1. Let me check against my output: what whole-number percent is the relative contact order of the range 34-137, with C-alpha pairs under 8 Å and at least 6 apart?
2. Just grab the label-to-label distance for Lys118 and Arg55, each label 7 Å out from Cα along the Cβ direction, in nm (one decimal).
3. Quick check on the chain: take the gyration tensor over C-alpha atoms, sort the square-rooted eigenvalues as a ≥ b ≥ c, and tell me if it's rounded (a/c under 1.5), prolate or oblate.
4. Between the helical axis of 2-29 and the dominant principal axis of the chain, each derived from Cα atoms, what acute angle in degrees is found, rounded to the nearest 10?
5. Which one, Pro32, Ile6, Val91, is farthest towards the positive end of the dipole of the chain when Lys and Arg carry +1 and Asp and Glu -1 on their Cβ?
6. At what distance in nm do the modelled label points of Gln68 and Tyr94 sit from each other, each positioned 7 Å from its Cα along Cα→Cβ?
7. Given a Förster distance of 41 angstrom, what is the FRET efficiency for Ser81 paired with Ser101, based on the Cβ-Cβ distance and rounded to 0.05?
8. If amide hydrogens are placed 1.01 Å from N in the peptide plane, which non-local residues have theirs closer than 5 Å to the one on Thr128?
Amino acid sequence: MKVVKIAVGIICILAVLTVTGTFLYLKDQTRPFPLEALKVFDASLDGYWESGKVRAFRARVKNEGDSQVSSVSFRIDFFDSNGMPIDGVDVTVYKRIPPGSTRLVENYFLGIHNLPRKDQWTWSYRLTRARETGIFG
């Protein structure tokens, strides 16, 4: 009887540790990263301009924070020659960026089609979200 009680106690302790570890792991993986600690530069688009398709977005991102970034999200908007919105897309790039480092982030599947001729539109982007790498990698 004493052995059964000890075994049940050990199983309960392991269950609590497993649930706690899982919770901490998932919580840690979704921790936001402060956007002011990231600098974005050299942003560009690549596409098939004759057919009005934008194929890729790329930019360099510098992490001036104290912890590693695991992903960055951007909002990319397209405007006609009068400044009116014609399309837009949200892009998330999963790339690890260690503190003090700069990395090229790229997304090759924007899904933007049917834009006017290249000289009849412009675009802008903004960083909307970043996630910190968790303690488990």
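1. Value for the range 34-137: 35 percent.
2. So the label points at Lys118 and Arg55 sit 1.2 nm apart.
3. Prolate.
4. Once rounded, the angle reads 20 degrees.
5. Ile6
6. 1.5
7. So, using R0 = 41 Å, E works out to roughly 0.60.
8. Residues meeting the amide H criterion: Ser73, Phe74, Arg75.
Just so you know, all these numbers are worked out from the coordinates, no wet-lab data involved. Model, not experiment: these values are computed from the prediction. Positions of Cβ are generated from backbone atoms using ideal geometry, with glycine treated the same way; all protein chains shown enter the neighbour counts.
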